[in-house]
Amino acid sequence: MQTISKDKFTIVGIEDNSADLLARPPINFWKDAWRRFKMNKIAMVALVILVILVAMCVFAPILSSFDSETINPSNQYAPPSAEHWFGTDKLGRDEWVRVWEGGRVSLTIGLTAALVSMTIGCIYGGIAAYCGGWVDMIMMRIVEVLISVPYLIVVILMSVVLGDSNLGTLLLAMTITGWCGTARFVRSEMLRIKSQEFTLAAQLLGVSPWKIVIRHFIPNTMSIIIVNITFSIPSYIFSEAFLSYLGLGIQPPGTSWGALASSAQGTFKFYPHLLAFPVLMIALTMLCFTLMGDGLRDALDPKSRR
Amino acid sequence: MGKYILKRTLFAIVTLVAVITVTFFMMRSIPGDPLAGMARALPEETKQAFMAKYGLDKPLFEQYLIYLKGVFLEFDLGESLRYAGRPVMKTIAETSPISGMVGGIGLIIGCFLGCCMGILAALQKNKWPDYVVMFIAILGTTLPSFVIITLCQWIFGVVLKVLPPSGWGTWQHMVLPISIGAFGTIATYARYVKASMLDTLDQDYVLTARAKGLSESKIILKHVLRNAMTPAVTIFASSVVGVFTGAFLSERMFAIPGIGFYYVSSINNNDYTMVLGTTVFYAILFIVMQLLLDIIYTLIDPRVRVK
């Protein structure tokens, strides 16, 4: 029998195992989105400004030597100076501290309301989409009824019914129907995901419905949810400013950007600084959230990759 | 089609009843009686006479049925608690045309200009017209409306002295409220239409049209515009109600005797029948608008009809 010598089986050069090595660290969807977000200069600037604003709201009142509630009758309506950086208001309170304390309230309302309504909307829309059939129909009809009352009317009515306005009642008034829009779009997005194969696979493997919603539906809708949160935060801050103007917002001695601006607009001809600073903060926050939302949408949308 | 309209109408009525029910019981659940805000010490008989006059002494559910009957059969929304002898319906009938006129003109101008600007911005993307339009849109969406109103009143009414800062009566009084209303609408529509245009320009059928050598103007006019404008119809319902709700601020600040003005003052006066009645009016308006737009939408977008 003919033998083939062993040396005919040596590998002649392609022994390089590095062909299977990854040249660069693997990148998942979120890392890729972050990379693309970082390339968007405008959105990054907006993000940085927002971080600064939040940091100021948290730390400025602590670091300042003034108190937001200490009145000083001898120093009313002082213009901005080295001592009072934003001047003082009609009771001689330091405007710098008040603006940042108001910012705490405004940002808290914006962030909390957006998160709460987003959470409720996701769960509601998710359940409706998952169950389908008559459950879906009834749940969506309820949403349609709630949506058919103009949003501002609901907020006003709720504030009237709930009586004294503090942070809690304001949040309740704003989120009571605020989640409906989210529920609707989450549902339609989830219906799309539901028809895909991995959901069928999960169902076949006996994963509980609750877990399918949490583990599969929500992560897959996360990108549009994040974009939606970014856009809804400023609208909640706006609603709060609107309510403050009607006298249904945060009550004194508490304050917010909306409340500061609306109380200053009567005397703005004589003391423009009292109006300018809170309005500047509102405008800056709105602008940054909007620009950041645009950036996030572009970064998270796979279609915009081309 | 007829079946669809019937189904939608029936659902609108159900929605309306639900809204009235919820609003009614919410308003009745407010602690304290409506008299509390007006006078401190009234004789017991006076109070009872008052309660009897407005039917507040009856059981809650009976009151509710009476109210429902009033709304649907007699178009009666009750009588103002604050101003005796002034039916809510009459106040609405007198004041809503004013709001409707100011807001309506603003809405039409705003929609038209906003759509034009949105189209322009999309076609001239990343050129100066785009930047100008987006600047206007951002200005309109980042400043609270009461600040815009205050600034405009100051600039045009106090510094330039060309327009009265507030009041009602002549056409000069209408210029500022209409312009500011239009400005807000422009901001919303310019953004929305631009996004919709860009989305449509990206579609494959536009690529096909380009590939087969259609002229650019034909592509825009025939293929892009119609498809891009249909989504704008969907936000029109909320814009119409926005005319009335946006009026809460502008009517108060400009002292225009419109429905928003009375709605806000009735909130401050604890005039519950007025608040309830106006809310029901807003809800009816919104539901009817949505119904109409749903029907219009099926007419202009054949794809919706197939379902």
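Matching residues to (1) away from chain A (no Cβ under 14 Å); (2) surrounded by 16 or more Cβ atoms within 10 Å (Cβ to Cβ); (3) aromatic (Phe, Trp, Tyr):
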position: B:GLN203; (1), (2), (3): no, no, no
position: B:ALA232; (1), (2), (3): yes, yes, no
position: B:ILE267; (1), (2), (3): no, yes, no
position: B:LEU293; (1), (2), (3): no, yes, no
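If the condition is being closer than 12 Å to A:SER256 by Cα and open to solvent by 60 Å² or more (accessible area, probe 1.4 Å), then the range A:72-107 contributes only A:ARG104.
What about A:PRO150, is it at pLDDT below 85, within 29 Å of A:ILE250 (Cβ to Cβ) and over 19 Å from the mean Cα position of the chain (by Cα)? Answer is yes for this residue.
Which residue, of A:PHE268, A:PHE242, A:PHE231, is within 12 Å of chain B (Cβ to nearest Cβ) and open to solvent by 50 Å² or more (accessible area, probe 1.4 Å)? Break it down stepwise before answering.
On the way: A:PHE268 fails: open to solvent by 50 Å² or more (accessible area, probe 1.4 Å); A:PHE242 fails: open to solvent by 50 Å² or more (accessible area, probe 1.4 Å).
That would be A:PHE231, the only listed residue that is within 12 Å of chain B (Cβ to nearest Cβ) and open to solvent by 50 Å² or more (accessible area, probe 1.4 Å).
The set of residues in the range B:100-135 being crowded, with 22+ Cβ neighbours inside 10 Å, away from chain A (no Cβ under 14 Å) and either more than 19 Å from the chain's Cα centre (by Cα) or of a type in the set (Phe, Trp, Tyr) (or both) consists of B:MET117, B:GLY118, B:ALA122, B:VAL133. Answer yes or no as to whether B:TYR272 is within 12 Å of another protein chain (Cβ to nearest Cβ) and open to solvent by less than 10 Å² (accessible area, probe 1.4 Å). No, not satisfied.
Within the range B:136-184, the residues that satisfy the criterion of being away from chain A (no Cβ under 14 Å) and among the polar types (S, T, N, Q) are B:THR170, B:GLN172, B:SER179.
Among the residues of the range B:1-13, which ones are open to solvent by 90 Å² or more (accessible area, probe 1.4 Å) and free of Cβ contacts under 8 Å to residues at least 12 places away in the same chain? The answer is B:LYS3, B:LEU6, B:LYS7, B:LEU10.
Open to solvent by 20 Å² or more (accessible area, probe 1.4 Å), away from chain B (no Cβ under 14 Å) and assigned to a helix (DSSP H, G or I): which single residue out of A:VAL145, A:VAL116, A:VAL213 fits that description?
Details: A:VAL145 fails: away from chain B (no Cβ under 14 Å); A:VAL213 fails: open to solvent by 20 Å² or more (accessible area, probe 1.4 Å).
Just a single option satisfies the conditions, and that option is A:VAL116.
Residues in the range B:136-192 that are open to solvent by less than 20 Å² (accessible area, probe 1.4 Å), aromatic (Phe, Trp, Tyr) and modelled with pLDDT under 85: B:PHE146 only.
Is the range B:25-39 home to any residue that is more than 14 Å from chain A (Cβ to nearest Cβ) and modelled with pLDDT of 75 or more? No, there is no match, as no residue in the range B:25-39 is more than 14 Å from chain A (Cβ to nearest Cβ) and modelled with pLDDT of 75 or more.
The values are calculated or read from the model by the stated rules, or taken from the named source; none is laboratory data. No experiment lies behind these values; they were computed from the predicted model shown. Note: ideal-geometry Cβ built from the backbone for every residue, glycine included; neighbour counts use all protein chains shown. Side chains are part of the model used for accessible areas, which takes the heavy atoms of the whole protein and leaves out ligands, DNA and RNA. Shrake-Rupley method; radii C 1.70, N 1.55, O 1.52, S 1.80 Å.
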